[in-house]
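Quick notes on the structure that follows.
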Amino acid sequence: MAQDLYVTGAEQGSGKSVIVLAMMEYFSGNTGKAGIFRPVTRSDEQHDQLIHLITQRYRIDSPYEDLYGCSSDVARRLIAEDRYDELLKQILGKYRRLQEKYDRVLCVGTDYSHAYATLEFDFNTDVANNLGCLIMPVVRGIGRSNAEIRDATAGFLKSVQERNCDVLATVINGVARSQFDELKTQFAHTPGTAPVYLVPEEPALSRPTVGDITRSLGARVIYGDTDNLNREITHYTVAAMQVPDFLDHLEAGGLVITPGDRADIILACLMAYPSTACPQISGLLLSGGLQPAPQLVKLLAGLGKPPFAVLGTDGDTFTTAMQVNRVSSTLTAENEHKIAAALGLVEAHIALPELERMLASERDTRVTPLMFEYELAQRARKNIQHIVLPEGSEERILRAAEILTLRGVVRLTLLGDSAEIQQKIQALGLHLDGVDIIDPLNSELRERYADTYYTLRQHKGISREMAFDTMADVSYFGTMMVHHGQADGMVSGAVHTTQHTIRPAFEIIKTRPGTAIVSSVFFMCLEDRVLVYGDCAVNPDPDARQLADIAVSSADTAHQFGVEPRVAMLSYSTGASGKGAAVDKVREATQLARELRPDVMIEGPIQYDAAIDAGVASTKLPESPVAGNATVFIFPDLNTGNNTYKAVQRSADAIAIGPVLQGLNKPVNDLSRGCTVTDIVNTVVITAVQAQAGDAP
């Protein structure tokens, strides 16, 4: 199981927020459900800015109080009272509770903003050790020479080693471009040591925005919107002079600070903005608690979209200017431009996949539904397949088609009356411009498909006229598209019965060579893993040979979709103890399956509890590599399988994806008539992945 990571600044002003953002971006897309935790958060903030950024951007739904150990006031008090261990225990307790909810927790160190700042690095290393995290120190590169950077980095790493911390990597952030190449050579990675990454300075990230000024000073927004607040400030100008002289001091990207009763300065700023002869300022800050005259406020309101933000503060002009000068840049969820710049900078200079491999001290075998669906979509997107949906006028199909189109994972064709489908698309307000629509009744392909069907089925007494009529059926038409290679797969069943969906496939596409029977599986997505259940939808009472074939096909399907196959042949008895026709069938099927695929771990007969629970397995089948660790569950008949998957789905709140048909020459999959839009999306993506393999698994 991969370890959690603790990112901490080695000192004040390291810019660790940029590094934290990039690590969270990577974790969220590659390691399942990721959370954030801060051991100590500021007492003077209702909400920690970094926690707010991460929770907003990555939609972390845990209460704010769960995402930090304690406030800085509590931390200071416990340290002053010599209750340091109690402080660490409180932080550890909240961290462990949060850890239970997430696959990965990114821990973020303190901000070096308090009286005990000189001790904070030691505190952060202690916390990282007690949480069992690898640590990643971020060293400030801004304003330092190469020698100073080398000395600071060596000093911090020595301190970390003295405290027996495990270092994942060190980041030197904000290195001047002129120093970058020399330092990169000096810090070249030596095998056996933790790597050191250099991130160059980016002036745009260090410049505060109008929004930063607003938050830091508690200023009022008199005029302006979100876009105005995201503008960067390059410098400050205090306007205490007459307008002609003031205009000579205007600079692009500036923040103008002036008393609120200086109507002349306010009007000059507004008039200068559209002028091509004047620099464009980023904002106007009115001091002294003075409001512009009502006539001026009315004028502002009538200008339409604000050219820049106008802020108001109660402090005098001198005090306000001093406060503004101390404001630093922060990352906010609303500023997509700055976030994109930060992510691009870090991702270009830190090998995030390499860090993930280093974190994975043991392979994490847990697979959440989100991770499973994410990986499916990524695989489908790598090689776009063409999927036909025969039920083109069904609302759920249309909504799923829009999602699939927007995600860019498949190419789609809808079947049905074109006018009816277009009318429904318009009525639902959907965007399906890139989706083809074919009406089988009027398609020029109908004659060709009828000829093919007649050739395939004339031995069954089908006439040419009957074949032509059959091709008016959307299920037959869609299946024929797959047969002729004009679509790579088909998904149906939201409206039609299972028989209506799969019968054409049996007649036209037929089974894959070497496969005795077409069967199905469900992917059961539990909270922390994905299991494969078969057969729960197609075969009522397979014999031993058919059951063995279902087991082999299900193992192949599991492997194709990233689930390591450990097959449990289920029965009411475990091992050799049981007797009777039903258990004998499973025993024979197990032997046949092992002969067919000696490379796959197969156990049977085995009861469900012994297959999934390691404790039960240690008693009933202690020597079995499958017992207690099964991932593929083969049910002896349809009655057992169908009821079991529905029971698990409802009682464990699992996501059941399927049924996924296996054993056909080309992929055709059936939907439940009670399927949701999400079910349709998942099934289409699975069908696309099956099609990528060249034939159905």
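The values are calculated or read from the model by the stated rules, or taken from the named source; none is laboratory data. What you see is a predicted model, and the numbers here were worked out from it, not measured in a lab. Cβ: placed from backbone, ideal geometry, glycine included. Neighbour counts: every protein chain shown. What goes into the accessible areas is simple: the full protein's heavy atoms, side chains included, and nothing from ligands, DNA or RNA. Shrake-Rupley method; radii C 1.70, N 1.55, O 1.52, S 1.80 Å.
Some points to look at:
- If you check Ser282, Ser275, Ser328 for being crowded, with 16+ Cβ neighbours inside 10 Å, among the polar types (S, T, N, Q) and either touching a helix residue (DSSP H, G or I) at 6+ places or on another chain (Cβ under 9 Å) or free of Cβ contacts under 8 Å to residues at least 60 places away in the same chain (or both), only one passes: Ser282.
- Test: Val684 is outside any loop (DSSP other than H, G, I, E, B), over 26 Å from Ala593 (Cα atoms) and touching a residue at least 12 places away in the same chain (Cβ under 8 Å): yes
- If the condition is being assigned to a helix (DSSP H, G or I) and within 19 Å of the chain's Cα centre (by Cα), then region 332-353 contributes Glu336, Ile339, Ala340, Ala342, Leu343, Gly344, Val346, Glu347, Leu352, Pro353.
- Some residue of region 64-78 being of a type in the set (Val, Ile, Thr) and either loosely packed, with under 13 Cβ neighbours inside 10 Å or farther than 16 Å from Val105 by Cβ (or both): yes
- Candidate set from region 301-322 (those that are crowded, with 16+ Cβ neighbours inside 10 Å and in a helix (DSSP H, G or I)); member that is farthest from the chain's Cα centre (by Cα): Thr317
- Filtering region 379-390 to residues that are at pLDDT 90 or above and surrounded by fewer than 24 Cβ atoms within 10 Å (Cβ to Cβ) leaves Asn383, Ile384, Gln385, His386.
- Cβ-Cβ under 9 Å pairs, at least 6 apart or on other chains, region 603-627 side over 16 Å from Thr644 (Cα atoms), far side aromatic (Phe, Trp, Tyr): Pro605/Tyr572
- Members of region 218-234 that are among the aliphatic types (A, V, I, L, M) and more than 14 Å from Val327 (Cβ to Cβ): Val221, Ile222
- On inspection, Tyr84 fails the criterion of being more than 30 Å from Glu182 (Cβ to Cβ) and in contact with a Gly (Cβ under 9 Å, 6 or more places away or on another chain).
- Scanning region 461-492 for residues that are surrounded by 23 or more Cβ atoms within 10 Å (Cβ to Cβ) and not in a helix (DSSP H, G or I) turns up Met471, Ala487, Asp488, Gly489, Met490, Val491, Ser492.
- Among the candidates Gly429, Gly416, the residue that is among the small types (Gly, Ala, Ser) and surrounded by fewer than 21 Cβ atoms within 10 Å (Cβ to Cβ) is uniquely Gly429.
- Thr125 vs. criteria part of a helix (DSSP H, G or I) and over 19 Å from Gln12 (Cβ atoms): no
- Any strands (runs of 3 or more DSSP E) falling wholly within region 1-109 and containing at least 1 residues that are under 23 Å from Pro137 (Cα atoms) and in contact with a Pro (Cβ under 9 Å, 6 or more places away or on another chain): 5-9, 68-71, 104-108
- All conditions in (1) touching a residue at least 24 places away in the same chain (Cβ under 8 Å); (2) within 16 Å of Ala551 (Cβ to Cβ) hold for Leu664, with the sole exception of (2).
- Wholly enclosed helices (runs of 4 or more DSSP H) of region 556-652 bearing at least 3 residues surrounded by fewer than 17 Cβ atoms within 10 Å (Cβ to Cβ): 581-596, 614-620, 638-651
- Residue check: Gly674 meets all listed conditions (1) under 30 Å from His500 (Cβ atoms); (2) in a helix (DSSP H, G or I); (3) not aliphatic (A, V, I, L, M) but one, namely (2).
- Residue match in region 365-372 (condition: out of contact with any strand residue (DSSP E or B) (no Cβ under 9 Å at 6 or more places or on another chain), open to solvent by less than 70 Å² (accessible area, probe 1.4 Å) and modelled with pLDDT under 75): yes
- All positions within region 219-229 that are at pLDDT 85 or above and over 18 Å from Asp314 (Cβ atoms): Leu229
- Flag for Thr678 being of a type in the set (Ser, Thr, Tyr), closer than 30 Å to Met480 by Cα and at pLDDT below 90: yes
- Selection within region 404-443 - without any contact (Cβ under 8 Å) to a residue 40 or more places away in the chain, among the small types (Gly, Ala, Ser) and part of a loop (DSSP other than H, G, I, E, B): Gly408, Gly429, Gly434, Ser443
- Residue in region 245-254 that is under 27 Å from Glu334 (Cβ atoms) and open to solvent by 70 Å² or more (accessible area, probe 1.4 Å) present: yes
- Among the candidates Arg42, Arg97, the residue that is modelled with pLDDT under 90 and surrounded by fewer than 18 Cβ atoms within 10 Å (Cβ to Cβ) is uniquely Arg97.
- In region 198-241, the residues that are buried (at least 20 other Cβ atoms within 10 Å of the Cβ) and at positive phi: Gly224
- Count of region 506-557 residues, restricted to those that are out of contact with any strand residue (DSSP E or B) (no Cβ under 6 Å at 6 or more places or on another chain), acidic (Asp, Glu) and either more than 17 Å from Asn665 (Cα to Cα) or at pLDDT below 85 (or both), is 4.
- Which numbered condition Lys33 fails, given (1) more than 19 Å from Thr125 (Cα to Cα); (2) free of Cβ contacts under 8 Å to residues at least 24 places away in the same chain: (2)
- Selected residue (criterion: least open to solvent (accessible area, probe 1.4 Å)) from residues of region 132-162 that are aliphatic (A, V, I, L, M) and within 14 Å of Phe180 (Cα to Cα): Ile149
- Considered as a group, the residues in region 187-196 that are assigned to a loop (DSSP other than H, G, I, E, B) and not hydroxyl-bearing (Ser, Thr, Tyr) include one that is modelled with the lowest pLDDT, and that residue is Gly192.
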